[in-house]
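To start, the structure itself, in structure tokens.
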Amino acid sequence: MQEATTSIASPESYNTMTLTGQGRVMAQPDLAVIRLGVQTDGVDLDTIQPQNAQITQNVLDALQEGGIENIRTVQYTIDKLYDYENGTQVDRGFKVINLMEIRAEDLSGVGNIVDTAVSAGANLIEMISFEASEPSVYYQQALNMAMMDAIDKARTLSRSLRLRTNLTPIKIVESGSVITPPLPYQRELASTPVLPGDISIEASLTAVFAY
């Protein structure tokens, strides 16, 4: 059956169908984000604070000597440490954390960055993730695919039910997400291998068609 489109005069003159559309684009990452730092525990805060600062500076110096410049502090915290013995809270001192974020375009060097930082004293690896520097470009592609998916569904249902459906939606509600799962870090004896894989960028929407 050949499809036909109809003009829409007023809300009372047509019925509607609401359909969802989904689109996904696989992209190769071009940016690595690494969060690592130094954690120092101890009873005397006046002692562990400068220790943490010195080790952190050693890590920064080692990274900068290796040509890594895009580094910023994302967290600095001082927390009390407690333990429980026979239901009684026992003071165990303090914990100082200095966490840095490194952004690198050379994905092949991520393992070396981690190894350099750890060798210089970093003992906290929070996250390694891979991203696309311009995710909006891929998201627009996925969004177009989602729209075509909804239109294809409307076309299929119209043929099956012999409906005269306007394939231009009268309403679109957009929702989308960029999925970039962090890579779990597992240190090995040799140089740390890090494989970025692909990024899945997805878009979804709901479209209302009149018939």
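Quick one: in region 58-82, which of the residues that are closer than 10 Å to Asn98 by Cβ and polar (S, T, N, Q) is least open to solvent (accessible area, probe 1.4 Å)?
Looking at residues that are closer than 10 Å to Asn98 by Cβ and polar (S, T, N, Q), I get Thr77.
Which of the residues that make up region 148-162 are closer than 16 Å to Asn15 by Cα and open to solvent by less than 40 Å² (accessible area, probe 1.4 Å)?
Ala154, Ser158
I'd like to verify a number: residues in region 103-124 that are open to solvent by 80 Å² or more (accessible area, probe 1.4 Å), over 19 Å from the mean Cα position of the chain (by Cα) and either free of Cβ contacts under 8 Å to residues at least 60 places away in the same chain or farther than 19 Å from Thr40 by Cα (or both), how many?
3
Evaluate the following for Asp46: is it of a type in the set (Asp, Glu) and open to solvent by 70 Å² or more (accessible area, probe 1.4 Å)?
Considered against the rule, which asks whether it is of a type in the set (Asp, Glu) and open to solvent by 70 Å² or more (accessible area, probe 1.4 Å), Asp46 comes out as yes.
The values are calculated or read from the model by the stated rules, or taken from the named source; none is laboratory data. Keep in mind the model is a prediction, meaning the values are calculated, not measured. Don't worry about glycine lacking a Cβ; one is built from the backbone with ideal geometry, like all the others, and counts go over all protein chains shown. Please note that ligands, DNA and RNA were not included when accessible areas were found on the heavy atoms of the full protein model with its side chains. Shrake-Rupley method; radii C 1.70, N 1.55, O 1.52, S 1.80 Å.
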